[in-house]
């Protein structure tokens, strides 16, 4: 292991390895403090950033921060790295990568071209020496699109997942929330319900419920029941009309194991969903959720900081060509992201890292009631992500998830963002909204009467 | 405050979700904005309010139950929130105190903590009083009720082992939802001690008057504790078989809920 050091005016800071440099360079957050990995003072944090800025990108290829032999996520990262894509940035340091990313000439085409040459560790490293505005600017230049029954991620567009959760999975209750969301011009990302009961029968019942609505009203969108991947596999074996397969994923083999998954299982599920050929404009069939802190929570953080591990989860996501990926940024609680400031920073980091790696990233802008955060903080993160070109956000009725007991963003919130930034829904869905008299050309919601066909 | 609800407001009877709120432009009507703020204020207050252990102890004592007061290693609310590991163990003074009790073997010990909602702990007295009364009639030996502010679920291992209890049960405030600031959780483990994991525990959550009412929680716990004692197990292999015959709210039984909530078990 190489150790690193930096000296400011006679005081020398020594970091025993790259994982330590990365952890100590990370902006302050409670999860790294809980793990005992965080910088002990702000000057040490800056010393780590000075060190990091001078590290050649090549170092991350030569020295994996989690050993190749012990972690299949590391193996995936190394084995899928493209030397050809890496070529234009091969000689750069982390600090020079930041400047390259910010350069006028670095546009979506160039960013897309290098994506397979970047590893999560490189991207996490550069994010640690970037300000919030840098994360926003670079992400805003980086378009990542995906397709199933509509086209998501196009510049100038914002999609919304309808999240119609119900504490007992009551079909009428779920349908009521879906219709509410549709009348607010939401649902283009996915109509995706978290089941309260994760079993095959219930999952099939919910898939059929949402599928029937989509079919009856010919809505250009996709359904998803966010059950465990094994549940979705069994549902498909029984002939269920699965559009998207969902799974929570993380950045280490150990954390994924604690979720009851590995890469082979994800591949099996992807194959099964692809075989159904249910997409009309594309075949991105996977939906992943992630979040900083999940590896530590699973006791599988391997001495690596939570933001770097989160970026590694995007390498897992990228491999399966997903339609949707989102960090559930503030869901995990204050022991990982303590307050609004930490949640906002993490949300911007997650979106930036995923986009630069070529992942179609959205965000569940959210918090729990034991965090030092409130809806004003969510407004701030939501607005910043809108500027950054986030692919999609959540639409939860009134921002209050009555099943998972946390606060996210609402249908109203999505409309605020579309209004202020002139962001349009996914094109196929926009056309449906116009045709059904839900929204007008100026992105204004139209009055939907009780007699509207959606509400019959 | 004149903006009406949306025309499909009759759908509100189908779900507790905040649907058909109406809009001002595309934004929330003032009334709904303030209602949300009120709900969040109550949830925040539930997290931050001091734990009234004194009233709880009085309530238990007047019901004829002895109590022991101990402390976790978390010494403030902020430390408790930031450091879940500290809430999972006793501080050294309490550890010594527990050892010095030289407790005889018992069938059950019960622990109450404010956890993440001081408002939820209010329901714990009612649950403990009714539950111990039922169990004592059936011959269970029960340790004095242990009160520990700022505790996490896993502290039940150390306390249960110290009190030489076959089963350790903890009741503590859950992460407050917007509409459920006073939600209490109950977790028990058979054979408490080092090395126990969440897979070894059974949980009943959402105990509150408008969720799983305390009386129904007592019946569920009574059933599960007897099954655990009889079969000498707890955790994922112990299910509430009454589900098929009785009207039990599925959503309030944690063993039926998805992995998403597991992260927040304590």
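Summary of computed values
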{"item": "FRET efficiency estimate (nearest 0.05) - Cβ-Cβ, residue B:233 to residue A:28, R0 45 angstrom", "result": "0.55"}
{"item": "Gaussian network model of chain B, springs between alpha carbon atoms under 10 Å - residue of B:26, B:235, B:64 with greatest fluctuation", "result": "B:26"}
{"item": "The range A:408-456 - percent relative contact order, Cα under 8 Å, separation 6 or more", "result": "22 percent"}
{"item": "Estimated distance in nm for a label pair at residue A:199 and residue B:92, the labels positioned 7 Å out from Cα along Cα-to-Cβ", "result": "5.0 nm"}
{"item": "Residues in the range B:1-43 that a label on residue A:216 would reach, taking backbone N under 20 Å of a point 7 Å out along Cα→Cβ", "result": "B:7-17, B:19-20"}
{"item": "Max mean-square fluctuation residue, GNM over chain B, Cα-Cα springs under 10 Å, options B:231, B:95, B:208", "result": "B:231"}
{"item": "Residue A:281-residue A:453 pseudo-label distance in nm [points 7 Å out on the Cα-to-Cβ vector]", "result": "2.0 nm"}
{"item": "Label-reachable residues, the range B:29-54, where backbone N falls under 15 Å from a point 7 Å from residue B:101's Cα toward its Cβ", "result": "none"}
{"item": "Cα centroid separation, the range A:261-320 to the range A:61-95 (Å)", "result": "18 Å"}
{"item": "Residues in the range A:373-415 that a label on residue A:421 would reach, taking backbone N under 15 Å of a point 7 Å out along Cα→Cβ", "result": "A:378-395, A:409-410, A:413-415"}
{"item": "Residue order, fewest to most beta carbons within 10 Å, for A:76, B:48, A:348", "result": "B:48, A:76, A:348"}
{"item": "Computed [θ] at 222 nm, helices only, for chain B once each DSSP H run of length n ≥ 4 contributes -39500 (n - 2.57)", "result": "-11000 deg cm²/dmol"}
{"item": "Cα extents of the range A:146-454 along the three principal axes, largest first (Å)", "result": "58, 45, 35"}
{"item": "Chain A - mean residue ellipticity at 222 nm from DSSP helices (-39,500 (n - 2.57) per run, n ≥ 4, rounded to 500)", "result": "-13000 deg cm²/dmol"}
{"item": "Computed E for residue A:62/residue A:113 - FRET, C-beta separation, R0 25 angstrom, nearest 0.05", "result": "0.65"}
{"item": "Reference-scaled alpha-carbon Rg (2.2 N^0.38 Å with N residues) for the protein assembly as shown", "result": "0.96"}
{"item": "Pair residue B:78, residue A:41: separation of 7 Å Cα→Cβ label points (nm)", "result": "1.9 nm"}
{"item": "Contact order normalised by residue count of the range B:1-110, Cα under 8 Å, 6+ apart, percent", "result": "14 percent"}
{"item": "In degrees, nearest ten, helix B:118-137 long axis to first principal axis of chain B (Cα)", "result": "50 degrees"}
{"item": "Computed over the range A:1-130: relative contact order in percent, which uses C-alpha pairs under 8 Å that are six or more apart", "result": "24 percent"}
{"item": "Gaussian network model of chain B, Cα within-10 Å springs - most flexible of B:118, B:183, B:55", "result": "B:55"}
{"item": "Considering only the range B:1-148, percent of DSSP beta bridges that pair antiparallel, nearest 5", "result": "25 percent"}
{"item": "Cα-based equivalent ellipsoid of the range A:211-260: semi-axis lengths in Å, sorted from largest, via gyration tensor", "result": "27, 13, 6"}
{"item": "Segment residue A:96-residue A:54, extension gain: residue separation times 0.36 nm, minus the distance between their alpha carbons", "result": "14.3 nm"}
{"item": "Counting DSSP beta bridges with both ends in chain B, the antiparallel % (nearest 5)", "result": "55 percent"}
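None of the figures in this text is laboratory data; all of them are computed from the coordinates on show. The structure displayed is predicted, hence computed values, not measured ones. Here the Cβ is made from the backbone with ideal geometry for all residues, glycine too, and neighbour counts use every protein chain on show.
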